[in-house]
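Written out below as structure tokens is the structure these notes cover.
The values are calculated or read from the model by the stated rules, or taken from the named source; none is laboratory data. On a predicted model such as this, the values are computed, not experimentally measured, just so you know. Methodologically, a virtual Cβ is constructed for each residue, glycine included, from the backbone with ideal geometry; neighbour enumeration extends over all protein chains shown.
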Amino acid sequence: MRRTIVCFVVLGLLTGGLAGLAAQRDLRGTLEVVHWWTAGGEREAIDALYRQFRGLYPYVSLIDASISGGAGIAARAVLIARILGGQPPGTFQVHAGAGTVNPYVIPGLLEPITFIYTQEGWVDVFPKPLLDMLQYNGEFWNVPVNIHRSNVLWYNKAIFASHGLTPPSTLEEFFQVADALAKAGVIPLALGETWTVVHLLETVLLGRLGPETYSGLWDGTTDWAAPNVRQALDDFARMLNYANVDFAALSWDEACRLVVDGVAAMNIMGDWAHGYFLAQGWTPGVEYGWRPSPGTEGAFQALSDTFVLPKGAPDRDVVIAWLRTVGSRAGQDAFNPIKGSIPARIDADRTAYDVYQLSAMDDFARDAIVPSLMHGAAAAPEWMDDIITAVGSFVAHRDVGTLHRDLIAAAREALH
Ligand code: GAL
């Protein structure tokens, strides 16, 4: 008898997710999901994940607690206040890496979820660079739903064709193309509010420094005072001259809209822009094309959206069921084709993905993987906030020397 029970337990652990999922169909409770996916493409993607979850757990009531604001800056402030106030939601969206570790894991606000990884066999299906980003103190704390790429240049194909231009591969080519577009009366680069400017900066740093030196910025092995960092900042400053003048007033998706409307030719944004373009009815390779952002061929600036289990979360069983769904193949294949990202799992159904995403999957497998700053992978939020402040002031004063000094000071403070 005892042996039979042991056998069942072992079988249950081995078959992991699906057996567990089916058995819990009658699970009841409430699940509040905090996230910031409210723009075109992202909204449809989270709704697809909800449909998947509802199909598996029809008796759970879902509360969609979305907090608008790209990159999750607004959501982060609300979440910290709620959690410290003893009112955590069931689960919330958060970036893998420092974006989770510094504000939530180190202060002891999350439960480790390594047991779910063991039951679901996730260490065998998530790629090594992602697992490295997810593990902290010998435990896993997040379930990744995707991998996004931040260093992508998107372009309006009709504009490039009508001006006989080739999308730029290097920063030098970018400036040539941008000059030609500006002369023709087209806005070369669509840009949005400050976080999108910081996003642009991280891609220019990568483009000028290369993957190894760029990665060294975040662990102290690259000197922020070095002349090539200054060179990158000069490039960055010059690029801003080619952007729409009202950029500070636009959200990331409003900036993408300028490309869709044919008002601007290019946009440098993560591949949630792909999800946005799809949601506008555009077809990749037809109305729009893409390239690694200037100078970054062969490097993949990565980030991952994840969900977590806060300590004291209401209806913990329901949260665990959500996390299993998020990490499941079916969950990821429902979400990512709409979101524009690639699945976190290596065993996803490739036929569900389009030409852009297939190229991104291949690049992820081949390229140098480096962490995104603006999306939680490279630096703790305090450091990121200092960089956002420095860039926000730069946009007003436009003095590259001051920006450089501010960034050196921020790095010194963060790495001391
Ligand atoms: C990123 C997030 C993406 C996308 C983007 C714009 O930080 O990782 O999934 O939502 O913000 O909102």
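Annotations for the structure displayed:
- Among the residues making up segment 84-95, a single one is within 13 Å of the ligand (Cβ to nearest atom) and in contact with a Gly (Cβ under 6 Å, 6 or more places away or on another chain): HIS95.
- Leading residue by the ranking (farthest from the ligand (Cβ to nearest atom)) among those in segment 246-277 that are under 22 Å from PRO168 (Cα atoms) and part of a loop (DSSP other than H, G, I, E, B): GLY262
- Restricting attention to segment 45-83, the residues being within 16 Å of the ligand (Cβ to nearest atom), more than 13 Å from VAL33 (Cβ to Cβ) and of a type in the set (D, E, K, R) number 1.
- In summary, strands (runs of 3 or more DSSP E) completely within segment 278-331 and bearing 1 or more residues that are basic (Lys, Arg) occur at 288-292.
- Considering the conditions (1) over 18 Å from the mean Cα position of the chain (by Cα); (2) in contact (Cβ under 8 Å) with a residue 60 or more places away in the chain; (3) not in a helix (DSSP H, G or I), LEU62 is excluded by exactly one of them, (2).
- Restricting attention to segment 31-44 and to residues that are in a loop (DSSP other than H, G, I, E, B) and near the ligand (Cβ under 9 Å from one of its atoms), the residue that is farthest from ALA273 (Cα to Cα) turns out to be TRP36.
- If the condition is being under 30 Å from ALA411 (Cα atoms) and within 16 Å of the ligand (Cβ to nearest atom), then segment 345-368 contributes only PHE364.
- Some residue of segment 392-409 being within 16 Å of the ligand (Cβ to nearest atom) and assigned to a loop (DSSP other than H, G, I, E, B): no
- Long-range neighbours under 7 Å by Cβ, at least six apart or interchain, first residue at pLDDT 95 or above within segment 220-231, second assigned to a loop (DSSP other than H, G, I, E, B): TRP224/LEU217
- Within segment 298-316, residues that are hydroxyl-bearing (Ser, Thr, Tyr) have Cβ atoms under 6 Å from residues that are within 16 Å of the ligand (Cβ to nearest atom) and assigned to a loop (DSSP other than H, G, I, E, B) in these pairs: SER304/ALA96; THR306/ALA96, counting only partners at least 6 apart in sequence or on another chain.
- Under the condition of being part of a strand (DSSP E or B) and either without any contact (Cβ under 8 Å) to a residue 24 or more places away in the chain or under 17 Å from HIS95 (Cβ atoms) (or both), the residues counted in segment 118-146 number 7.
- Residues of segment 1-52 satisfying the condition of being modelled with pLDDT of 95 or more and hydrophobic (A, V, I, L, M, F, W, C): LEU27, LEU31, VAL33, VAL34, TRP36, TRP37, ALA39, ALA45, ILE46, ALA48, LEU49
- Residue within segment 96-114 that is away from the ligand (no atom under 15 Å from the Cβ), within 30 Å of ALA265 (Cβ to Cβ) and in a helix (DSSP H, G or I) present: no
- Search result, residues across segment 166-186 that are within 19 Å of GLN231 (Cα to Cα) and surrounded by 15 or more Cβ atoms within 10 Å (Cβ to Cβ): PRO168, SER169, LEU171, GLU173, PHE174, PHE175, ALA178
- Test result for GLY192, part of a loop (DSSP other than H, G, I, E, B), of a type in the set (Gly, Ala, Ser) and over 23 Å from ARG398 (Cβ atoms): no
- Residue match in segment 379-386 (condition: in contact (Cβ under 8 Å) with a residue 60 or more places away in the chain and either among the β-branched types (Val, Ile, Thr) or closer than 23 Å to ILE46 by Cα (or both)): no
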